[in-house]
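Asks: Following this message is one structure expressed as structure tokens.
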């Protein structure tokens, strides 16, 4: 999120996964800044940390392992899913560009099927309307590649929803990676690099999805304060909001 309107500076939001409460904000995504904030909590707290959920942006894994030696690192499954979605949508865009080299009839069929298909491809298939399902069939008939990638995307969602133990989850994900390699090359390579942290989800079922809700409240807090130009003041106000809400309401 950005602190000052129209300034695209991102802040790191730190949340206690057990209480779902904000515990800190960091001015930038650099490791040194995050390290400085975490060290404020003290060695005892850091050593008692059992699990840290994160995305795959930056190399924060090594930082967490150094500061929280007893904590398991789990990659947020929704961040992995977002990566899959982005690669699927990129394939959709590339197919539209490639249509220019086709004959008129084939070109028209492909472009017509792909037009307005982003939402249909990315939304969970079991939540599609009848109209969306017709659109999905048109896309799959016109583009075998995009169709195959959509099926793999649905399989990916399913294995995270249904796998309820570490061993089974690892086997299913490994099988998915083999099938997905020709289609999701970027995602597959990144998943392999973070495999140990991703499969941790099958055991703990931990995500940092709560952060999205907290980000929404932080934006509301920023609007109520007519913008903040000092991060420390904003952080103090935010921490009070989460930890002493009744007192603030009085």
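Asks: Check whether at least one residue in the stretch 205-218 is more than 22 Å from residue 80 (Cβ to Cβ), out of contact with any helix residue (DSSP H, G or I) (no Cβ under 7 Å at 6 or more places or on another chain), surrounded by 12 or more Cβ atoms within 10 Å (Cβ to Cβ) and modelled with pLDDT under 75, and report yes or no.
Replies: No, there is no match, as no residue in the stretch 205-218 is more than 22 Å from residue 80 (Cβ to Cβ), out of contact with any helix residue (DSSP H, G or I) (no Cβ under 7 Å at 6 or more places or on another chain), surrounded by 12 or more Cβ atoms within 10 Å (Cβ to Cβ) and modelled with pLDDT under 75.
Asks: I would also like to ask the following. Could you give me the residue pairs with C-beta distances under 6 Å whose first residue belongs to the stretch 128-141 and is farther than 14 Å from residue 109 by Cβ, whose second residue is part of a helix (DSSP H, G or I) wherever it lies, and which are 6+ apart or on separate chains?
Replies: From residues that are farther than 14 Å from residue 109 by Cβ, the pairs are 132/120; 136/120.
Asks: Could you check residue 84 against (1) crowded, with 18+ Cβ neighbours inside 10 Å; (2) assigned by TED's automatic domain parsing to the domain that holds residue 220; (3) in contact with a helix residue (DSSP H, G or I) (Cβ under 7 Å, 6 or more places away or on another chain) and say which number it fails?
Replies: With (1) crowded, with 18+ Cβ neighbours inside 10 Å; (2) assigned by TED's automatic domain parsing to the domain that holds residue 220; (3) in contact with a helix residue (DSSP H, G or I) (Cβ under 7 Å, 6 or more places away or on another chain) applied to residue 84, the lone miss is (2).
Asks: Considering every residue within the stretch 132-145, establish whether at least one is at pLDDT 95 or above, surrounded by fewer than 16 Cβ atoms within 10 Å (Cβ to Cβ), outside the structural domain of residue 35 (by TED's automatic domain parsing) and under 19 Å from the mean Cα position of the chain (by Cα).
Replies: Among the residues of the stretch 132-145, not one is at pLDDT 95 or above, surrounded by fewer than 16 Cβ atoms within 10 Å (Cβ to Cβ), outside the structural domain of residue 35 (by TED's automatic domain parsing) and under 19 Å from the mean Cα position of the chain (by Cα), which makes the answer no.
Asks: Taking residue 38, is it at pLDDT 90 or above and closer than 29 Å to residue 231 by Cα?
Replies: Considered against the rule, which asks whether it is at pLDDT 90 or above and closer than 29 Å to residue 231 by Cα, residue 38 comes out as yes.
Asks: Further question: Would you confirm whether or not the stretch 102-119 contains a residue that is under 19 Å from the mean Cα position of the chain (by Cα) and surrounded by 13 or more Cβ atoms within 10 Å (Cβ to Cβ)?
Replies: Scanning the stretch 102-119, I find at least one residue that is under 19 Å from the mean Cα position of the chain (by Cα) and surrounded by 13 or more Cβ atoms within 10 Å (Cβ to Cβ), so the answer is yes.
Asks: Could you pull out the residue among 228, 234 that is modelled with pLDDT under 90 and outside any helix (DSSP H, G or I)?
Replies: Answer to the selection: 228.
Asks: Can you tell me which residues in the stretch 41-81 are loosely packed, with under 15 Cβ neighbours inside 10 Å, touching a helix residue (DSSP H, G or I) at 6+ places or on another chain (Cβ under 8 Å) and either modelled with pLDDT of 90 or more or assigned by TED's automatic domain parsing to the domain that holds residue 196 (or both)?
Replies: 69, 70, listed by residue number.
Asks: From the set of residues in the stretch 7-20 that are out of contact with any strand residue (DSSP E or B) (no Cβ under 7 Å at 6 or more places or on another chain) and either at pLDDT 85 or above or under 20 Å from residue 62 (Cα atoms) (or both), which is surrounded by the fewest Cβ atoms within 10 Å (Cβ to Cβ)?
Replies: The qualifying residue surrounded by the fewest Cβ atoms within 10 Å (Cβ to Cβ) is 18.
Asks: Assess whether residue 4 counts as being in the same structural domain as residue 218 (by TED's automatic domain parsing) and modelled with pLDDT under 95.
Replies: In short, no.
Asks: Looking at 95, 31 in this structure, which one is modelled with pLDDT under 95, under 18 Å from residue 150 (Cβ atoms), within 26 Å of the chain's Cα centre (by Cα) and surrounded by 12 or more Cβ atoms within 10 Å (Cβ to Cβ)? Lay out the reasoning, then the answer.
Replies: Numbers: 31 fails: under 18 Å from residue 150 (Cβ atoms).
Result: 95 is the single residue among 95, 31 that is modelled with pLDDT under 95, under 18 Å from residue 150 (Cβ atoms), within 26 Å of the chain's Cα centre (by Cα) and surrounded by 12 or more Cβ atoms within 10 Å (Cβ to Cβ).
The values are calculated or read from the model by the stated rules, or taken from the named source; none is laboratory data. Remember, predicted model here, so these are calculated numbers, not experimental data. Glycine gets a Cβ as well: all are built from the backbone with ideal geometry, and neighbour counts include every protein chain shown.
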